[in-house]
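Notes to accompany the following structure.
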Amino acid sequence: MIAEAVATVCLVWYLLVIVPVCTIGYTQLYRWYSRPPPPAACLTSLPAEDIPHVTIIRPVKGLEPRLYECLAATFRQTYPRDKLTIFFCVSSRDDPGFPVLERLIRDFPGFDVTILVEQEDARLQNEHGDNDNGVGEHAQLGPNPKIRNMSRAYREAKGDIVWIIDCNVWVGKGVAGRMVDTLCGYGGKRRYKFVHQIPLVVDTSSETADSETRGLLAPQVHDEGDGALHVASTSTASTDLRNPTDSHSDVKHILQTGGGRLEELFMSSSHAKFYTAINTVLIAPCIVGKSNMFRRSHLAALTSSNPARAPGIDFFSDNICEDHLIGDALWKKPQPFELEAVAKGGKREKWGKHALVFGDIAFQPMSSMSVREYIARRVRWLRVRKFTVALATLVEPGTESILCSLYGAFAVTTLPFFRGWFGIPPSWASFWTLFAISVGVWATVDWTLYRRLHSAKSIELDSETPDFARPPKRARWGGTRRPFKEWLAAWVGREVLAFPIWAWAIFGGVSVEWRGKRFWVGLDMKVHEIVEAGDKRKD
């Protein structure tokens, strides 16, 4: 009796994951990412003076693969340049990415663009004139390095609309206009408080640090070993320069560079399906802080309760998951003008909470990411999310192919209904056969979805589109970015690692590594930097 009750729960869960979630996500991705989206309505139907001003904030930390190309996409938008204000934010002038920012400003004259240096922000300095790093009772910001990086740009933004886009993200030339369309309701759309894009990772060929900086750091980037150092993707360090010739065995090479393939696989399969499905049914906020647009006035109205922090993004400087919390606040809390309308007996204005800008992709090129870095990245996400969206994080393993298929196989071989109607015996042979079929179908769906998302069918291609956002040219692999055997190896590796990573993130502590610093996350969702000299707390 107990076994049948458990089997019923497993069946309901299996059908819930497969039918509404995977099906909705899969069909929506095929629907919206099979052709380029139309031009923005605000650029084709509005008078020039009515087009909203947008402030673009791009926080930069160290070198990233294809950094120049990602940041150059900011200047190549079809949005009117007199309606754009661009801020590149960097922690110091010694940051390896600083020369890239200077080069971009020289290469794209005529824009309202400024480089803002965190160390030169007077609001972030202590009584000795040094960066306070969020420490001390008089610190005006918490320790979140990304918020500290962007704070001045946000304060000095022009207009109400801000678009925060990570430095390691490339977007198509029409994205700014379509995000404004969705946010403001142009083209007959509903107005929204927060809009964002689906992220997609591409594991690219490794670039030398000399190439990434266009030769600006040439004296510093040559290894004493076999050749030039290459820029590797990292989330734990500020910059990772690595000599790819250091590995002399296949296993070591996979461990040193295989993390990018795992991340590429994850973002174009499991993550893409669930991200799209949740943002279609809109039952809860689901965002990734890669490319987000919202209004400063809306956020300011919801973040004035802490006298120690200025309204806006500064309010979240004590947390490490600022993107989720910003979106969460705009999702859950009504705006004052909405409450006033109801209080006066009128109807609340019909504003949408969040909207995914379907058809546009935020590409993140990666290179030479190690498996260890991939695991650290996933652990960081999970350890932050277990305090912010605890229930969703706890049930996450059940949405993965292996555990979910185990649920389904157990239900079908345990419940009498399937034995009576379909003749499926309650045997181990039936159990493992059904499990294998479920996993096989799951992999097939993910393979077709991977091919669709990496086909670049929804990208507005031109001569300036980088190779990682173009259609694959490998005809011998059927036009796919990876041959099926390579893709399958990465798929199996990702699926097998999913549960151990989850278990370690949930039960293995509360510390995370991010951009060269270590933090611990408390139950109050606040983040605290771990100081190396006599750590205050370790797990």
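The values are calculated or read from the model by the stated rules, or taken from the named source; none is laboratory data. Model, not experiment: these values are computed from the prediction. Don't worry about glycine lacking a Cβ; one is built from the backbone with ideal geometry, like all the others, and counts go over all protein chains shown. Keep in mind that these areas ignore ligands, DNA and RNA; they rest on the heavy atoms of the full protein, side chains included. Shrake-Rupley method; radii C 1.70, N 1.55, O 1.52, S 1.80 Å.
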- Query: Regarding the stretch 63-119, what are the three Cα extents along the principal axes, ordered largest first, in Å?
  - Reply: 32, 24, 15
- Note on the structure: Measure of exposure for Y30: accessible area at 1.4 Å probe, Å² rounded to 10, is 70
- Where a Cα-Cα gap under 18 Å defines reach, which lysines qualify for K332, not counting those fewer than 8 residues away within the same chain? K193, K350, K353
- Task: From largest accessible area down, sort L265, L282; use a 1.4 Å probe on the protein chains.
- Result: L282, L265
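If you add up the charges near L29, with Lys and Arg at +1 and Asp and Glu at -1, over every other residue whose beta carbon is less than 12 angstrom from its beta carbon, what do you get? Please report the intermediate quantities before stating the final value.
Values: positive: R31, K273, R451, R452, K457; negative: D446.
So the environment of L29 carries a net charge of +4.
From the Cα gyration tensor of the stretch 336-430, with a ≥ b ≥ c the square roots of its eigenvalues, which class applies: rounded if a/c is under 1.5, or else prolate if a/b is larger than b/c, or else oblate? Each step should come with its number before you reach the end.
Values: a/c = 2.78, a/b = 1.45, b/c = 1.91.
It comes out oblate by the Cα gyration axes.
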- I2/R81 FRET efficiency (R0 56 Å; Cβ-Cβ; nearest 0.05): 0.25
- W421 to M525: extension gain in nm, 0.36 nm per residue of separation minus the Cα-Cα distance? 32.4 nm
- Item | Anchor K61: lysines whose Cα lies under 24 Å away (excluding residues fewer than 8 positions away in-chain) | K146, K158, K173, K290, K517, K526
- Item | Total formal charge among the other residues, if their Cβ is under 15 angstrom from that of G187, Lys/Arg +1 and Asp/Glu -1 | +1
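Local charge sum around P500 (other residues, Cβ-Cβ under 12 Å, Lys/Arg +1, Asp/Glu -1)?
Working: positive: R378, R494; negative: E400, E495.
Overall, the nearby charge balance is 0.
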- Item | Length gained when the stretch I105-W428 is fully extended (0.36 nm per residue, less Cα-Cα span) | 109.8 nm
- At R0 = 35 Å the Cβ-Cβ FRET efficiency linking R93 and V496, nearest 0.05, sits at 0.20
- Message: Could you report the accessible area of K457 in Å², rounded to 10, computed with a 1.4 Å probe on the protein chains as they sit in the structure?
- Response: 100
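Normalising by the residue count of the stretch 21-122, find the relative contact order in percent from Cα pairs under 8 Å and 6+ residues apart. Present the calculation step by step, with values, prior to reporting the outcome.
Working: 95 pairs, mean separation 27.7, N = 102.
Across the stretch 21-122, relative contact order equals 27 percent.
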- Task: Kindly identify the stretch 366-509 as rounded, prolate or oblate by the Cα gyration tensor criterion: order the square roots of the eigenvalues as a ≥ b ≥ c, call it rounded if a/c is under 1.5, otherwise compare a/b with b/c, prolate if a/b is larger, else oblate.
- Result: oblate
- List the lysines whose alpha-carbon lies under 22 Å from that of K252, not counting same-chain residues fewer than 8 positions away? K485
- Task: Using a Förster distance of 41 angstrom, determine the FRET efficiency expected from the C-beta separation of K158 and Y30, and round it to 0.05.
- Result: 0.55
- Dividing the convex hull volume of the alpha carbon atoms of the stretch 1-97 by its residue count, what do you get in Å³ per residue? 221
- Message: Along the charge dipole of the stretch 379-534, pointing to its positive end and built from +1/-1 on Cβ of Lys, Arg, Asp and Glu, which listed residue (H528, A429, T393) has its Cα farthest out?
- Response: A429
- Note on the structure: SASA check, R518, accessible area w/ 1.4 Å probe, all protein chains in place, rounded to nearest 10 Å², comes out at 90
- Could you give the nm distance between label points at T444 and I283, where each point is 7 Å from its Cα heading toward the beta carbon? 2.7
